[in-house]
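Worksheet for the structure shown next.
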Amino acid sequence: MYNCRKLLPDLYWVGANDRRLALFENLFPIPRGVSYNAYLLLDEKTVLLDTVDHAVSRVFLENVEHLLNGRGLDYVIVNHMEPDHCATLQALLARWPEAQVLCTAKAVQMIGQFFGPALAAKAQSVAEGQTLCTGRHTLRFITAPMVHWPEVMVTFDEGDGVLFSADAFGSFGALDGHLFADELDFAGRFLPDARRYYANIVGKYGAQVAALLKKAAGLDIRAICPLHGPIWRKNLDWLLEKYQRWSQWQPEEQAVLVAYASMYGNTAEAAETLAGLLAEAGVQKIAVYDVSATDVSELVGEAFRCSHLVLAAPTYNGGVYPKMEELLAHLKAAGLQKRTVALLENGSWAPAAAKGMRAALEGMKEMALLENTVSIKSSLAEGQLPALKALADELAGTLAR
Ligand code: FEO
């Protein structure tokens, strides 16, 4: 049964939600599900913008069939070739073989790689700035390489001011009936997932996102239709400001992320004590996480939000505890930079975690390490409380108020 929605006089959402998938990209937990958005423009010509993941192919194809209502499909615009958006392309073209596929030259190549030469032969490459007039609408193609794959482009409907933005401006989280961000509590319910999506999926490509934002600044955008999550038609400046910040790795808040690893609770106790001392020092926004109990994608998202990081870890096999090593590797992969970082280590006989964490951080750009590093032996000794307080005070002193 179809389940499509009208967005504008000629434009329809033909996507669907997946609430069964546990791991997006077989990697990121999505307890709130995800939406795969695709859009159908019914003009003098009929145009589908992207397809969907295999998981929701049935409702997607029924949506398209229902809305076409016997008309042919003239064009399929492929903005992004990652299979969560192109997996259904073959099935779609089997049903509407006359459709002309439009995409970048790199995407044509990828169509061949994913589906073989016969399907690639149906695709025609479009160039930067090229337009397609569909009757009442003119669509402009704008390349957006590495946001998030090299073949990506976005499509701009010049008349309605709608930007079909591919992965950009997307979010984890299925859509609960409402499609528009202004109809739901985006800042409360979606923002952590939108940030986590950005930081983990696109975070590394900040320069390329900034390049897209620069191109977008020249357009009269009145709505943003991403491939995942809510659609934007109000308060676009708020969303664009978030993207400006994230693309330059600027923190959103003056806040301290305390991420600790702990085998038997002793490093945890030191980290919790430090959090309390931070609160007593006047720090308002503190978020404490056990890296073994929190998915690393959440920690990466939080690191994009917070201006300050405290990393606390035991020494393990002469180096850094593996779960903390994993976090550091993910932060580096996401290109994190411009943070103030404090270190706390534990080591019962030869503490080496701080040295290892420092080495990892030195591989990232513009990370300011605090002078105070607290090193505990097995457990926090009462005599070390002044050192922990000094660290809290130094941290608090570097926070802007
Ligand atoms: Fe939602 Fe890069 O795919």
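The values are calculated or read from the model by the stated rules, or taken from the named source; none is laboratory data. Given the structure is predicted, the values throughout are model-derived calculations rather than measurements. Reconstructed Cβ throughout: ideal geometry from the backbone, glycine too, with neighbour counts over all protein chains shown.
Could you check region 372-401 and list, in sequence order, the residues that are among the polar types (S, T, N, Q) and outside any helix (DSSP H, G or I)?
Matches in region 372-401: ASN372, THR373, SER375, SER378, SER379.
When GLY301, GLY318 are screened for being surrounded by fewer than 19 Cβ atoms within 10 Å (Cβ to Cβ) and of a type outside the set (D, E, K, R), only GLY318 passes.
Would region 185-194 turn up any residue that is aromatic (Phe, Trp, Tyr), modelled with pLDDT of 95 or more and within 19 Å of ALA303 (Cα to Cα)? If you could, list the steps in order and put the result at the bottom.
Within region 185-194, the subset aromatic (Phe, Trp, Tyr) is 186, 190.
From what's left, modelled with pLDDT of 95 or more: 186, 190.
So of that shortlist, the ones also within 19 Å of ALA303 (Cα to Cα) come out as 190.
Scanning region 185-194, I find at least one residue that is aromatic (Phe, Trp, Tyr), modelled with pLDDT of 95 or more and within 19 Å of ALA303 (Cα to Cα), so the answer is yes.
Quick test of your reading of the structure: ALA217 fulfils all but one of (1) of a type in the set (Gly, Ala, Ser); (2) more than 28 Å from PRO351 (Cα to Cα); (3) within 16 Å of the chain's Cα centre (by Cα). Name the failing condition by number. Result: ALA217 passes all but (3). Residue count for region 331-364 under the criterion of being free of Cβ contacts under 8 Å to residues at least 60 places away in the same chain and more than 28 Å from PRO386 (Cα to Cα): the result is 4.
Screening region 321-337 for residues that are crowded, with 23+ Cβ neighbours inside 10 Å and outside any helix (DSSP H, G or I) and picking the one that is nearest to the chain's Cα centre (by Cα) gives ALA334. The set of residues in region 12-36 that are surrounded by fewer than 24 Cβ atoms within 10 Å (Cβ to Cβ) and touching a Cys at 6+ places or on another chain (Cβ under 9 Å) comprises TYR12, TRP13. Listed conditions (1) under 19 Å from VAL283 (Cβ atoms); (2) at pLDDT below 95; (3) not hydroxyl-bearing (Ser, Thr, Tyr) are all met by GLY363, apart from (1). Restricted to region 38-128, the set of helices (runs of 4 or more DSSP H) holding at least 2 residues that are under 27 Å from ASN17 (Cβ atoms) comprises 57-68, 83-86, 89-95, 105-115.
Restricting to region 91-111, count the residues that are farther than 20 Å from GLN130 by Cα and under 27 Å from the mean Cα position of the chain (by Cα).
2
Checking each residue in region 112-138 for being away from the ligand (no atom under 16 Å from the Cβ) and either within 26 Å of the chain's Cα centre (by Cα) or small (Gly, Ala, Ser) (or both) picks out GLY112, GLY116, ALA118, ALA120, ALA121, ALA123, SER125, ALA127, GLU128, GLY129, GLY135.
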